[in-house]
Every structure is written in structure tokens, then in C-alpha cells.
Amino acid sequence: MTFPPSPAPASPSAPSPGGGRAAADDAARFWADADRHLVRYGGPFTPEIVESAAGSFVTTTDGRRVLDFTSGQMSAILGHSHPAIVETVRRQVGTLDHLFSGMLSRPVVDLARRLADTLPDPLKKVLLLTTGAESNEAAIRMAKLVTGRHEVVSLAGSWHGMTHAAAAATYSAGRRGYGPTAPGNLVVPVPNAYRPDHLAPDGTHDWRRQLDLAFDLVDVQSTGSLAACLVEPILSSGGIVELPPGYLAALRDKCHERGMLLILDEAQTALCRTGSWYAFEGRDGDEPVVPDILTLSKTLGAGLPLAAVVTSAEIEARAHERGFLFFTTHVSDPLVAAVGTTVLDVLQAERMDARVRVLGDRLRAGLLDLQDRHATIGDVRGRGLLQGIELVLDRETKEGADALGALVTRRALELGLHMNVVQLRGMGGVFRIAPPLTVSEDELDLGLGLLDQALGDATRELLG
């Protein structure tokens with residue numbers, strides 16, 4: 001077994017002119033302590049020491065400002081240290097922060113009501129938790145209890161979390177070396193229009209045939225105990241793959257024909273990120289598809305640990321009658337619930353869905369312009385302020401470009417732009433671009449300019 005390389009003490013941040021040797025020694029101690037005491041949980045850490053963050057920028061220990069095109073972990077939708085969030089945390093933590101899980105407070109009921117008001121019928125019942133994995137865990141547990149079945153279907157490029165049931169429904173990474181997953185987890189292929197595995201006679205992506213064949217395989221593998229299908233409307237770790245128009249409605253029909261519940265994981269797509277309040281509302285001309293159970297996280301807490309499961313009164317009543325149990329330490333915590341309500345306040349007051357549609361068009365136009373000028377950009381995809389670009393070595397063969405993606409990431413950081421490349425084998429040339437919804441037009445243009453330079457520099461370094 002090999003471990004990711006530790007960050008080198010000498011390379012992360014050049015000492016500031018005023019810091020001299022003391023700053024260099026401090027940085028060296030920091031990285032030595034990190035290497036000695038931190039458990040490594042993925043790839044190597046970003047070689048910067050971050051001291052603060054505000055708006056669309058993080059600031060490193062040497063005073064360098066880095067434009068954050070990932071909104072932290074795709075969560076800080078209002079930017080870092082938004083004044084309304086800061087004020088809510090200061091007020092609430094001094095009043096009521098945490099309670100016994102069986103106790104209720106006004107912030108919890110207020111947020112549940114406010115969330116329900118943003119959603120169509122019949123999504124009216126809310127469970128407040130902490131992380132996306134936890135919300136998916138609860139949703140799967142509820143679906144199994146309500147249906148009396150145990151089999152769960154999800155997409156091959158999925159990422160739903162690292163807890164037991166969520167990890168069992170995750171196929172993009174993390175499956176090897178941990179022993180058997182929960183029984184009854186089934187996988188269907190990703191409908192990737194850029195890399196289609198089924199073509200219609202006219203050469204277009206035939207996702208309907210792909211979906212039909214996928215559920216033929218689900219049916220022959222099933223033991224007759226299909227409980228739920230858990231999917232993201234836009235696969236994030238799977239490469240910013242947007243489900244084709246009509247796919248979600250067809251998937252819902254496949255589920256309901258078999259007595260399955262449709263669970264939508266909108267950890268990264270909800271609350272205006274895609275230009276609508278929820279991605280399941282669809283694009284122009286696309287049918288809205290209301291799930292049986294909706295899970296939210298990341299964007300709901302604007303960077304704080306807050307997640308939710310939302311379902312219908314009918315499903316909630318059936319689950320309750322059958323003894324639904326999901327008692328956790330931080331269920332219904334008032335502090336983060338108050339933050340969630342503040343997030344909704346800001347989104348509504350600033351009409352953030354409309355703002356994101358305008359900014360998303362600007363970002364997409366900029367990325368398409370980069371594609372015209374950089375032959376290594378094979379595809380631009382996504383919606384609103386969740387966009388992706390896929391780098392290739394050859395547009396005809398679509399040969400992947402993992403090494404180029406790593407170089408672009410490194411060069412962008414050197415220039416002052418934090419970009420997130422998908423950290424999966426064979427997908428290191430796919431970037432997730434998700435700036436805060438509060439990003440300015442000038443900041444978008446700055447990021448596009450830095451990406452332009454990073455692409456040029458990295459391409460010349462790798463390909464000559």
C-alpha cells in the first residue's frame with residue numbers, strides 16, 4: 001500500500017519579505033507537524049497555508065490572495081465570511097448552540113418551514129443533519145424501511161458519501177480495500193453525452209436505449225427487493241456530467257414501475273447553484289421531476305456543517321409507523337439551523353437564482369472562448385455556476401489528459417487561482433468550476449484570464 005506524498009516543508013509558501021528566516025522556519029514547522037500528526041485522507045494537501053478567507057478569495061500565510069473557484073469544498077455559496085452568516089453565528093452561538101437530540105428549538109422549526117416553502121408539493125417534511133453522507137445515509141435507511149426492501153441503484157460515476165450505505169452507493173472512488181459493501185447495491189452506467197456508449201443511427205447519444213438496457217440488467221440482478229435509486233442531477237466527482245434532458249423523468253418512471261423510491265442528491269446543485277433553486281426543476285423545455293426524497297447539504301450551510309432530508313408527509317408517516325430511527329449527536333442543532341435560515345434569506349433577498357443565470361452565461365461564454373483558443377479543451381459542460389471542462393490530448397480520439405490537468409492545477413495556483421481537478425484515475429483532466437454565487441463579473445473574468453494563462457503555460461510545458 002502506498003500513501004500520498006507528504007507536502008514538502010520548503011515548497012508551500014515562499015516567506016514574505018518581512019518574515020525572513022522566522023517565517024520560513026514557521027512554515028517548515030507547520031508542514032512537519034502536519035506530516036507527523038495528520039491522517040492523510042485523499043491526495044496530497046494543497047501546498048499552501050491558508051490564514052483567512054473573505055468573499056471569493058483565500059489568503060495564505062505569506063499574504064498571497066488566491067481566487068477560490070471551488071467555493072471551499074463546493075459549499076461556501078455566499079463566499080467566505082459573508083457578513084450575514086458571521087452575524088448569525090455570533091448571535092446564535094451566544095444564545096443557543098446545541099441541544100439534546102430529542103429537544104426542539106425555534107431555529108430548527110423555522111428552517112424546516114422555510115425549506116418546505118421553497119419546494120413543490122409533496123416535499124414538506126424535513127430532517128436536519130450535518131453532512132451529505134449523513135443525509136444520504138438517512139434517506140437510504142428511510143427508503144429501505146418504507147418499502148420493506150433493501151436494493152439500491154445508483155450511477156457508475158456517483159459520489160454520495162463515505163459512511164456505510166452512502167459509500168456502498170458510491171462508485172466513482174473508494175470501493176477497493178474495505179471489504180464487502182452492504183448487499184443489494186446495483187450500478188447503472190453514466191449517460192455521458194461527450195463519451196457515449198450507445199449511439200442512435202444519426203450518431204447522437206442514445207441515452208434511452210442505454211437506460212433500458214441498464215434496467216434490464218438491474219432486473220436480472222435483483223432478488224425482487226428494489227428499494228430506491230439514488231442519483232445526482234449533475235454528477236460532480238463523476239466529471240460534471242449533466243443528465244440529458246428527459247433522463248430524470250424516464251428514470252423516475254423506471255423506479256416507480258418497480259415500486260422504488262427516487263432519491264435525488266442535490267448536495268452541490270441545490271439552492272441556486274445551477275440558476276434555479278433546485279436542479280430537479282429542469283432546464284427550459286425540460287420536465288420538472290420531483291423526487292420522493294431529496295437530500296441537501298454543502299450549499300445549505302454555506303460552509304458550515306448542515307444537511308437535510310426532505311420528503312412527503314406520506315413517506316414520513318409510513319417511516320414513523322415502522323419505527324424510523326436516526327438519532328445522531330447533531331440532529332436538529334439550533335446553531336447551524338439558524339445559519340441555514342440566513343442562507344435562504346440572502347438567496348431570496350438577492351434573487352440569487354436570476355443572478356446565477358446571468359453569471360453562469362458569462363462563465364460559460366468565457367469557457368467556450370477558451371475552448372476556441374485551446375485545442376486541449378475537449379468539452380465544456382454544466383449549468384449556472386457549476387461548470388466543467390474536460391481536457392484531452394486529442395479532440396478526435398478524446399484521449400484523456402490527467403498529467404496536463406495536474407500541471408494546469410499547479411500553474412493556476414501559482415498564478416493565484418484555486419481550481420479543482422477531479423481526483424480520479426482517468427479523470428484528472430476534468431475540472432470542477434464552482435465559484436461562490438456572490439462572485440463578481442470582474443472576479444469571473446479574472447479567473448478566466450488566469451485559467452487561460454495556466455492552460456497555455458502547462459500545455460507548452462507538457463507538449464512543447
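The values are calculated or read from the model by the stated rules, or taken from the named source; none is laboratory data. Predicted model, so just to flag it, every value in this text is computed and none were measured. As a convention, Cβ positions derive from the backbone with ideal geometry for all residues, glycine included, and neighbour counts pool all protein chains shown. These area figures cover heavy atoms from the full protein model, side chains too; ligands, DNA and RNA do not enter into them. Shrake-Rupley method; radii C 1.70, N 1.55, O 1.52, S 1.80 Å.
The residues of the range 242-270 that are without any contact (Cβ under 8 Å) to a residue 40 or more places away in the chain, within 20 Å of GLU281 (Cβ to Cβ) and surrounded by fewer than 19 Cβ atoms within 10 Å (Cβ to Cβ), listed by number, are ASP253, HIS256.
Checking each residue of the range 355-369 against the condition of being crowded, with 22+ Cβ neighbours inside 10 Å and assigned to a strand (DSSP E or B) gives no match. SER56 - would you say it is open to solvent by less than 20 Å² (accessible area, probe 1.4 Å) and either farther than 22 Å from SER440 by Cα or without any contact (Cβ under 8 Å) to a residue 60 or more places away in the chain (or both)? Considered against the rule, which asks whether it is open to solvent by less than 20 Å² (accessible area, probe 1.4 Å) and either farther than 22 Å from SER440 by Cα or without any contact (Cβ under 8 Å) to a residue 60 or more places away in the chain (or both), SER56 comes out as no.
Reported count of residues in the range 76-94, each being in a loop (DSSP other than H, G, I, E, B) and either farther than 28 Å from SER105 by Cβ or open to solvent by 20 Å² or more (accessible area, probe 1.4 Å) (or both), is 3. Annotation note: Cβ proximity below 7 Å between a residue of the range 438-461 that is open to solvent by 60 Å² or more (accessible area, probe 1.4 Å) and a residue that is of a type in the set (Lys, Arg) (sequence gap 6+ or interchain) occurs for GLU441/ARG362. As a summary of the residue check, SER154 satisfies the conditions (1) open to solvent by less than 10 Å² (accessible area, probe 1.4 Å); (2) at pLDDT below 95 except for the one numbered (2). Condition test on ARG149, is it more than 30 Å from LEU111 (Cα to Cα), in contact (Cβ under 8 Å) with a residue 60 or more places away in the chain and either assigned by the TED database to the domain that holds ALA214 or buried (at least 21 other Cβ atoms within 10 Å of the Cβ) (or both)? It is true that ARG149 is more than 30 Å from LEU111 (Cα to Cα), in contact (Cβ under 8 Å) with a residue 60 or more places away in the chain and either assigned by the TED database to the domain that holds ALA214 or buried (at least 21 other Cβ atoms within 10 Å of the Cβ) (or both).
Looking at ARG283, ARG318, just one residue is surrounded by fewer than 24 Cβ atoms within 10 Å (Cβ to Cβ) and assigned to a helix (DSSP H, G or I), and that residue is ARG318. For the range 174-188, which positions are surrounded by 17 or more Cβ atoms within 10 Å (Cβ to Cβ) and in a loop (DSSP other than H, G, I, E, B)? If the condition is that a residue be surrounded by 17 or more Cβ atoms within 10 Å (Cβ to Cβ) and in a loop (DSSP other than H, G, I, E, B), then GLY184 is the only one that fits.
Do the conditions hold for ASP292, that is, is it over 19 Å from the mean Cα position of the chain (by Cα), among the acidic types (Asp, Glu) and surrounded by fewer than 21 Cβ atoms within 10 Å (Cβ to Cβ)? Against the criterion (over 19 Å from the mean Cα position of the chain (by Cα), among the acidic types (Asp, Glu) and surrounded by fewer than 21 Cβ atoms within 10 Å (Cβ to Cβ)), ASP292 does not qualify. Within the range 370-407, track down each residue that is within 21 Å of the chain's Cα centre (by Cα) and not in a strand (DSSP E or B). The answer is GLY384, LEU385, ASP402, GLY405, ALA406.
For the condition more than 20 Å from SER236 (Cβ to Cβ) and of a type outside the set (S, T, N, Q), what is the one hit in LEU385, LEU417, LEU407, LEU437?
After applying the criteria, what remains is LEU407.
Total residues in the range 87-118 satisfying the condition of being of a type outside the set (Asp, Glu) and within 17 Å of ALA349 (Cα to Cα): the figure is 5. Suppose the filter is surrounded by 23 or more Cβ atoms within 10 Å (Cβ to Cβ), modelled with pLDDT under 95, over 30 Å from LEU111 (Cα atoms) and of a type in the set (Gly, Ala, Ser); does GLY239 pass it? So GLY239 fits the description; yes. Scanning the range 295-315 for residues that are open to solvent by 30 Å² or more (accessible area, probe 1.4 Å) and not in a loop (DSSP other than H, G, I, E, B), which turns out nearest to VAL439 (Cα to Cα)? Residue satisfying both the conditions and the ranking: LYS298. Against the criterion of being in contact with a helix residue (DSSP H, G or I) (Cβ under 8 Å, 6 or more places away or on another chain), surrounded by 24 or more Cβ atoms within 10 Å (Cβ to Cβ) and not β-branched (Val, Ile, Thr), LEU129 qualifies. Of the residues making up the range 392-402, just one is among the hydrophobic types (A, V, I, L, M, F, W, C) and open to solvent by 60 Å² or more (accessible area, probe 1.4 Å), namely LEU393. The combined condition, being assigned by the TED database to the domain that holds GLU314, closer than 25 Å to LEU385 by Cα and in a helix (DSSP H, G or I), is fulfilled by ALA249.
Taking each residue of the range 90-103 that is closer than 26 Å to PHE326 by Cβ and in contact (Cβ under 8 Å) with a residue 60 or more places away in the chain and looking for partners that are of a type in the set (Asp, Glu) and surrounded by 13 or more Cβ atoms within 10 Å (Cβ to Cβ) with beta-carbon atoms closer than 9 Å, six or more apart or interchain, yields ASP97/ASP333; HIS98/ASP333; LEU99/ASP333; SER101/ASP333. Looking across the range 281-323 at every residue that is at negative phi and touching a Pro at 6+ places or on another chain (Cβ under 6 Å), the one that is modelled with the lowest pLDDT is identified as ASP286.
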